[in-house]
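Below is one structure, written out as structure tokens; the observations come after it.
The values are calculated or read from the model by the stated rules, or taken from the named source; none is laboratory data. Note that the coordinates shown come from a computational prediction; the quantities given were computed from them, not determined experimentally. Here the Cβ is made from the backbone with ideal geometry for all residues, glycine too, and neighbour counts use every protein chain on show. Just the protein is used for accessible areas: all its heavy atoms, side chains included, with ligands, DNA and RNA removed. Shrake-Rupley method; radii C 1.70, N 1.55, O 1.52, S 1.80 Å.
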Amino acid sequence: MLQCIFLLSDSGEVILEKQLTGHRVDRSICNWFWDHAISQPDSFKQQPVIASPTHYLFQVFREGITFLACTQVEMPPLMAIEFLCRVADVINGYLGGLNEDSIKDNFVIVYELLDEMIDNGFPLTTEPNILQEMIAPPNIVSKVLSVVTGNSSNVSDTLSGSTASCVPWRTADPKYANNEVYVDLIEQMDATINRDGVLVKCEINGEVQVNSHITGLPDLTLSFVNPSILDDVRFHPCVRFRPWESNQILSFVPPDGQFKLMNYRVRKLKSTPIYVKPQLTSDSGTCRLSVMVGLRNDPGKAVDSVTVHFQLPPCILSADLTSTHGTVNILSNKTCTWSIGRIPKDKSPSMSGTLVLETGLERLHVFPTFQVDFRIMGVALSGLQIDKLDLKTVPYRFYKGFRALTRAGEFEVRS
């Protein structure tokens, strides 16, 4: 049972406080949390569950906003973390983005959403489709009416019909002139490459996103060509688990609109689509840096939005870096960004330059780690392929489309 939810800005300010039970949680718990977050900036934010002297804390960090929940009783930690993730997703969907200003401008709607999503500390209604029937998303018309009439409530006077349905995630009896379903495979590649150029770790974290606009109550089945490569799958509540367990087929009645059907992981990949080769040599108070980027295995599609980030060590006084392709920016905090864009197939881009060390230091002893970003449209690098998507229980035809996208996640090259 959760007792309180706080929304904190990236400066530690309490943006929003929602007490969930009769036992009031004092705001001093936020001060304790933020003091420890400042003293342990890296490790503390990576801990989803924290034990304070008086409470158990659960945190989820999204777009500069920390969602913090508190309790004094034993409860399943994954339930609290999943609920905070759902709160963040719902608010993001309602406000069109997560930031401090949008939350402050829509205090009433955020409080109304929390009132419907949790009751006396226990999750209640968390499906976006039902919430949108109960609480109207903010728009200019509703804001003007609230000013004119003085009524700021967005809650509907009637209960959503989906709340009593056997498929509560779906809007009651939607109707469309054009029936269509779009399926997107969106993957992130996490990779670690050591200073010798050896691939230490490479895996894919992916998700299947569906955008469904079908009249009535459709029953869909989605199958893959090679489902055996998937690990750590996690499904939307609409998925029936037994068909997946027996035949590895996704059978489901979809929510209306866009939703995440499943998450998955593919481990132990053998190669990456691009290579990054840094070289550093230092002597007599200066350091020569050279970085080359190119295609390792041609994925068949263009590799776009390639960017290399790295942090210069504190002992560097100045840097002069140039590139044969793209632009190099060095910020005042010694963060360097090499924006390459699309990698040309006929020539590998390179960046080189000189770093000046502080006085009295002959050689560089702290070496930077290079963070790499890229995007490949139309390719799922995990190798996962969709076999077919079938529609049952509804007699009419529908249009279906499939897309794939792979981008870099935690892709780092050590020097």
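Do we find that Ser28 is over 24 Å from Gly97 (Cβ atoms), in contact with a helix residue (DSSP H, G or I) (Cβ under 8 Å, 6 or more places away or on another chain) and small (Gly, Ala, Ser) in this structure? No: the conditions fail for Ser28. Scanning the stretch 275-294 turns up no residue that is small (Gly, Ala, Ser) and under 26 Å from the mean Cα position of the chain (by Cα).
Scan the stretch 63-122 for residues that are hydroxyl-bearing (Ser, Thr, Tyr), open to solvent by less than 30 Å² (accessible area, probe 1.4 Å) and over 17 Å from the mean Cα position of the chain (by Cα) and report the count.
Our first condition is that a residue be hydroxyl-bearing (Ser, Thr, Tyr); within the stretch 63-122, this holds for 66, 71, 94, 102, 111.
Imposing the further condition that a residue be open to solvent by less than 30 Å² (accessible area, probe 1.4 Å) reduces the set to 66, 71, 94, 102.
Okay, now just the ones that are also over 17 Å from the mean Cα position of the chain (by Cα), so 71, 102.
So the count comes out to 2.
Filtered by the rule that a residue be farther than 27 Å from Gly300 by Cα, touching a residue at least 40 places away in the same chain (Cβ under 8 Å) and open to solvent by 50 Å² or more (accessible area, probe 1.4 Å), the stretch 377-407 gives Asp390, Lys392, Thr393, Tyr396, Arg397. Each residue in the stretch 237-260 was checked for being modelled with pLDDT of 90 or more and part of a loop (DSSP other than H, G, I, E, B), and 4 of them qualify. Scanning the stretch 176-235 for residues that are touching a residue at least 60 places away in the same chain (Cβ under 8 Å) and among the aromatic types (Phe, Trp, Tyr) turns up Tyr182, Phe224. Just one of (1) surrounded by fewer than 17 Cβ atoms within 10 Å (Cβ to Cβ); (2) under 24 Å from the mean Cα position of the chain (by Cα); (3) not in a strand (DSSP E or B); (4) not hydroxyl-bearing (Ser, Thr, Tyr) fails for Asn263. It is (3).
Screening Ser246 with (1) of a type in the set (S, T, N, Q); (2) without any contact (Cβ under 8 Å) to a residue 12 or more places away in the chain; (3) surrounded by 14 or more Cβ atoms within 10 Å (Cβ to Cβ) gives one miss only, at (3). Considering only residues in the stretch 364-396 that are of a type in the set (S, T, N, Q) and modelled with pLDDT of 90 or more, the one that is farthest from Phe310 (Cα to Cα) turns out to be Gln385. Could you list, in sequence order, the residues of the stretch 179-218 that are among the acidic types (Asp, Glu) and surrounded by fewer than 16 Cβ atoms within 10 Å (Cβ to Cβ)? The answer is Glu180, Asp196, Glu207.
Restricting attention to the stretch 295-310 and to residues that are assigned to a loop (DSSP other than H, G, I, E, B) and touching a residue at least 60 places away in the same chain (Cβ under 8 Å), the residue that is farthest from the chain's Cα centre (by Cα) turns out to be Gly300. Against the conditions (1) of a type in the set (Gly, Ala, Ser); (2) open to solvent by 70 Å² or more (accessible area, probe 1.4 Å); (3) part of a strand (DSSP E or B), Ser223 satisfies every one except (2).
With respect to being of a type in the set (Lys, Arg), within 30 Å of Lys347 (Cα to Cα) and surrounded by 15 or more Cβ atoms within 10 Å (Cβ to Cβ), Lys277 fits the description. Just give me the residues in the stretch 50-77 being within 13 Å of Asp26 (Cα to Cα) and of a type in the set (Val, Ile, Thr), in sequence order. Once the filter is applied, which keeps residues that are within 13 Å of Asp26 (Cα to Cα) and of a type in the set (Val, Ile, Thr), the stretch 50-77 yields Thr54, Thr71. Of all the listed residues (Ser332, Ser339, Ser350, Ser318), the sole one being of a type in the set (Ser, Thr, Tyr) and open to solvent by 80 Å² or more (accessible area, probe 1.4 Å) is Ser332.
When Asp320, Asp283, Asp346 are screened for being without any contact (Cβ under 8 Å) to a residue 24 or more places away in the chain, acidic (Asp, Glu) and more than 30 Å from Arg86 (Cβ to Cβ), only Asp346 passes. Only a single criterion out of (1) touching a Leu at 6+ places or on another chain (Cβ under 7 Å); (2) open to solvent by 30 Å² or more (accessible area, probe 1.4 Å); (3) touching a residue at least 40 places away in the same chain (Cβ under 8 Å); (4) not polar (S, T, N, Q) is not satisfied by Glu410, namely (1). For the stretch 118-142, the candidate set comprises residues that are in a helix (DSSP H, G or I) and in contact with a Pro (Cβ under 7 Å, 6 or more places away or on another chain); within that set, the residue that is modelled with the highest pLDDT is Ile130.
Can we say Ser228 is assigned to a loop (DSSP other than H, G, I, E, B), hydroxyl-bearing (Ser, Thr, Tyr) and open to solvent by 10 Å² or more (accessible area, probe 1.4 Å)?
Details: assigned to a loop (DSSP other than H, G, I, E, B): no; hydroxyl-bearing (Ser, Thr, Tyr): yes; open to solvent by 10 Å² or more (accessible area, probe 1.4 Å): yes.
So Ser228 does not fit the description; no.
How about the stretch 19-53: which of its residues are assigned to a helix (DSSP H, G or I) and either touching a Leu at 6+ places or on another chain (Cβ under 7 Å) or at pLDDT 80 or above (or both)? Write out each step before concluding.
Looking only at the stretch 19-53, we keep the residues that are assigned to a helix (DSSP H, G or I), and these are 28-39, 41-45.
Selection gives Ser28, Ile29, Cys30, Asn31, Trp32, Phe33, Trp34, Asp35, His36, Ala37, Ile38.
Testing Pro313 on (1) more than 23 Å from Leu405 (Cβ to Cβ); (2) in a loop (DSSP other than H, G, I, E, B); (3) open to solvent by 60 Å² or more (accessible area, probe 1.4 Å), one condition comes back false. Which one is that? Of (1) more than 23 Å from Leu405 (Cβ to Cβ); (2) in a loop (DSSP other than H, G, I, E, B); (3) open to solvent by 60 Å² or more (accessible area, probe 1.4 Å), only one is false for Pro313: (3).
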